[in-house]
Amino acid sequence: MGGNPDPGKPSWWRTVPGVLTAIAATLTAITGLVVALNQTGWFVSGPRRARPELGPTRGVSASPQGAKPSGSKLDHRLLRRSTFRSPLSPGSRLHAYDLDAGAQLDAQSSQGDFFFKPDDSKNPNTRIGVAPRNGAKFAPRSAGMLPWEVNPQDFTSSVGIYSVGQGEEVPCFTSQRRPCTFLIRLDPNGEMFVSIALYE
């Protein structure tokens, strides 16, 4: 009648199912704790870095100079952002770009890193022809990556013309071997926007 347990029966914690259940619960709790700590950056060495926004389609980020990109195993620092606008009307001059100086140059200049020209300026969805100059190079098939994330063999040679799509953030290296990215977009009003980020 009383509530005394059978003294000959082992407690629940000493049975095989009880022990297995306790071990599983402990492992689940430890795993959850490790995942939570990892998501807060507890196990990451060094500061976390935010990837900078780039390109006129998303607007130019207001991040201060010196912000650091994410995904880098090296310590690269954003030096400068530049955005240029060029008319594509008949008779307008084409431009080269000196990414190291953050400048747009006359196409006849011997300076500069890249020359950009729409494959078909009458087609708003056209691809953009890119001609590297003076030893600059880029990776046309690696859009969305940062230069130090790209295998060296995926970069173009410093001569020739290669096409890229509009609105693609393309990794590159300047003629002075600085990592960079560029993004090109045509505006329906007949202008070409070029956005550039330079790192060191």
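Sorted by packing (mean other beta-carbon atoms within 10 Å per residue), highest first, where do 80-88, 167-175, 115-123, 129-137 land? It would help to have the intermediate numbers written out before the result.
Working: 80-88: 15.8, 167-175: 22.2, 115-123: 14.2, 129-137: 19.6.
The most tightly packed comes first, giving 167-175, 129-137, 80-88, 115-123.
Summing Lys, Arg as +1 and Asp, Glu as -1, what charge do residues with Cβ under 13 Å from the Cβ of Pro152 carry, Pro152 excluded?
For residues surrounding Pro152, the net value is 0.
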Could you go through the range 190-200 in sequence order and give the Karplus-derived ³J(HN,Hα) for each residue, using 6.51 cos²θ - 1.76 cosθ + 1.60 with θ = phi - 60°, rounded to whole Hz, and x for Gly and Pro? x, 10, 10, 9, 10, 10, 10, 10, 10, 10, 9
Give me a comma-separated list of calculated 3J(HN,Hα) values for the range 111-124, in order, Karplus coefficients 6.51, -1.76, 1.60 applied at θ = phi - 60°, integers in Hz, x for any Gly or Pro. 7, x, 10, 9, 10, 10, 8, x, 5, 9, 5, 8, 9, x
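Can you give the net charge of the other residues whose Cβ lies under 12 Å from the Cβ of Gly112, counting K and R as +1 and D and E as -1? Present the calculation step by step, with values, prior to reporting the outcome.
Numbers: positive: Arg133; negative: Asp98, Asp100, Asp106, Asp113.
Summing Lys and Arg as +1 and Asp and Glu as -1 gives -3.
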Amide H to amide H under 5 Å from Arg80: which residues, 5+ apart in sequence or cross-chain, H placed 1.01 Å off N in plane? Leu198
Net charge within 14 Å of Asn123 by Cβ-Cβ distance, Lys/Arg positive one each and Asp/Glu negative one each, not counting Asn123 itself? +1
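Throughout, read-outs are computed from the coordinates displayed, never taken from laboratory work. Keep in mind that what you see is a predicted model, and the values were worked out from it rather than measured. Every residue, glycine as well, gets a Cβ built from its backbone with ideal geometry; the counts of neighbours run over all protein chains shown.
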